[in-house]
Amino acid sequence: MAKESPRNGGLANGFQVFAATASRLVGTKWAFAAAIALIVGWAVAGPYFHYSDTWQLVVNTATTVVTFLIVFLIQNTQNRDAKAIHLKLDEIIRSIHTTFR
């Protein structure tokens, strides 16, 4: 397997930091409140824009793009968590085997 250059490692580490920070922020009650506020603001703006196709397209596009990106952040977080759990379980199994031998 090829070694990762420091430059690639830095990029991967930068993404890990970004993904962890984004996951923490998106999972807060404040992020949920902001999402609700945006949707309410969009709904209130409906009469001003006469419920036009563009008015609908804005929220449809925005929610689709955000959902698409969040899926990858959630998957990244789940992968990291699963790896950590498996490493811990492996260590527990190793310690049990050495204890009972």
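Just so it is clear, none of the values below were taken in a lab; they were calculated from the coordinates. Please read all numbers here as calculations on a predicted model, not as lab measurements. Cβ atoms come from the backbone with ideal geometry, glycine included; neighbour counts cover every protein chain shown.
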Study note, to complete from the structure: In whole Å, largest first, the alpha carbons of region 56-101 cover along the principal axes 67, 10, 6
**Study point:** Selection from THR98, GLN78, VAL17, by position along the positive dipole direction of the chain (Cβ)
**Key:** THR98
Point to revise | the chain - mean residue ellipticity at 222 nm from DSSP helices (-39,500 (n - 2.57) per run, n ≥ 4, rounded to 500) | key: -30000 deg cm²/dmol
Revision key, fill the gap. In degrees, nearest 10, the alpha-carbon axis of helix 6-26 is tilted away from the dominant principal axis of the alpha carbons of the chain by 60
Revision key, fill the gap. Tilt, helix 29-45 to longest principal axis of the chain (alpha-carbon atoms), in degrees rounded to tens, equals 20
Check your understanding: If the viscosity is 1.002 mPa s and the temperature 20 °C, what Stokes-Einstein diffusion coefficient in µm²/s follows for the chain when Rh is the Kirkwood radius over Cα pairs?
Key -> 122
Practice item. Measure nothing but the geometry: give the 0 to 90° angle between the long axis through the Cα atoms of 53-99 and the longest principal axis through the Cα atoms of the chain, rounded to 10°. Key: 10
